[in-house]
Amino acid sequence: MAWQRPMPPPAPVTAATLPWNSLSLNSSMMPPSVDPSMLDRPMTPDQVSQYKEAGYTIVPGFFAADETVALKREVDRWIAGGLPRDVSVPDGKRNLQLIPLWPHSRLFRALPFHPRVVAAVSALLGDPVVKILDQMFYKPPGDGMGTNWHTDNAYFRIPRPLRGCAMWIAIHDATRENGALKVVPGVYERELLHERDPDSDHHIRTYVDESKAVHCELEAGGVVFFCFGTPHATGPNPSSRGRAGVGIHFVNMAQASEEMRAGSRWQHVHLTGEAASGGEREYGERVSFAAEMDLVAAG
């Protein structure tokens with residue numbers, strides 16, 4: 001890609017400039033009832049409240065059917081092309097990971113700029129929001145290995161873990177039987193000790209009370225948002241069909257650690273706030289998820 005001199009940034013993007021800006025908060029620790037067809041707003045007030053209190057929220061039907069099909073097609077292309085790497089250690093088990101995603105797909109590069117995504121993470125984190133990482137895990141059928149319990153803040157180390165979140169997207173239907181994501185709610189303020197994960201060539205693990213775990217079962221296109229302090233894991237996939245999940249990680253840049261702000265380890269894609277440029281600063285051109293979807297439809 002040819003990099004160009006950035007154009008002057010547009011007016012700052014904030015939650016107030018998006019169509020979903022009236023979110024009140026109510027208490028809830030268990031997943032609220034959601035209408036999967038409600039695609040004209042990113043999430044309900046109860047879901048925002050649940051995230052702030054429990055450290056996670058589940059949003060079924062977050063992506064429209066055509067969007068879900070397009071995302072799945074890209075993931076299938078990566079798998080068929082052998083791009084994901086097996087990060088598992090045990091013989092006879094596989095856990096395939098691709099990180100980062102944006103260099104391999106214009107559609108996934110544009111995904112964080114989707115207005116529904118921007119509105120959701122702005123409501124959860126406050127502005128300015130920055131995307132710092134994207135990755136995909138694929139659990140092959142039969143021998144797909146789960147990912148052990150851990151928190152993202154063991155990697156990111158921001159001072160207020162609620163101000164960073166992962167958006168976990170179900171690319172295929174996710175059930176208990178095929179190792180859906182599971183989380184432990186309400187403990188995100190605790191700093192859990194981690195150790196090297198012997199089941200992975202580079203991951204870490206921690207220990208939790210699994211009796212408190214919530215299994216986040218979702219149809220393809222559904223999303224789980226969970227904060228950096230929320231312990232999470234996935235189970236094995238002994239089923240006859242593969243299952244993939246995509247994780248995109250966001251942070252309120254004003255709450256990021258000094259290391260995160262100053263370093264080059266994490267990507268800095270500004271989605272809201274004064275530094276947001278619609279992708280011009282980061283990629284040398286305007287980035288539009290709708291435009292990439294049009295190309296998918298035309299191709």
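The values are calculated or read from the model by the stated rules, or taken from the named source; none is laboratory data. Predicted model only: the values in this text are computed from it and were never measured. All Cβ positions, even for glycine, are placed from backbone atoms using ideal geometry, and neighbour counts span all protein chains on display.
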Members of segment 198-211 found to be closer than 29 Å to Phe63 by Cβ and not in a loop (DSSP other than H, G, I, E, B), listed by number: Ser200
Top-ranked residue in segment 121-156 [being within 12 Å of the chain's Cα centre (by Cα) and farther than 20 Å from Leu181 by Cα; ranked as surrounded by the fewest Cβ atoms within 10 Å (Cβ to Cβ)]: Ile132
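Of all residues in segment 51-102, which are basic (Lys, Arg) and free of Cβ contacts under 8 Å to residues at least 40 places away in the same chain?
Arg77, Arg85, listed by residue number.
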Hits in segment 210-252 (condition: modelled with pLDDT under 95 and of a type in the set (A, V, I, L, M)): Ala233
Selected residue (only one of Glu274, Glu292 is modelled with pLDDT of 95 or more and crowded, with 19+ Cβ neighbours inside 10 Å): Glu292
Those residues of segment 240-265 which are in a loop (DSSP other than H, G, I, E, B) and surrounded by fewer than 19 Cβ atoms within 10 Å (Cβ to Cβ), in sequence order: Ser240, Arg241, Ser257, Gly263, Ser264, Arg265
Matching residues in segment 181-202 - criterion: being touching a residue at least 60 places away in the same chain (Cβ under 8 Å), surrounded by fewer than 22 Cβ atoms within 10 Å (Cβ to Cβ) and either over 15 Å from Asn95 (Cβ atoms) or out of contact with any Gly (no Cβ under 9 Å at 6 or more places or on another chain) (or both): Pro185, Gly186, Val187, Pro198, Ser200, Asp201, His202
Yes/no for Arg281 being in contact (Cβ under 8 Å) with a residue 24 or more places away in the chain and more than 28 Å from Pro42 (Cβ to Cβ): no
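Looking at Ala166, Ala170, Ala174, which is the one that is farther than 29 Å from Met253 by Cα, crowded, with 18+ Cβ neighbours inside 10 Å and either in contact (Cβ under 8 Å) with a residue 12 or more places away in the chain or of a type in the set (S, T, N, Q) (or both)? Full working, then the answer.
Values: Ala166 fails: farther than 29 Å from Met253 by Cα; Ala170 fails: farther than 29 Å from Met253 by Cα.
Criteria check complete, one pass: Ala174.
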Count of residues meeting criterion [within 23 Å of Thr147 (Cα to Cα), in a helix (DSSP H, G or I) and either hydrophobic (A, V, I, L, M, F, W, C) or under 13 Å from the mean Cα position of the chain (by Cα) (or both)] in segment 69-99: 5
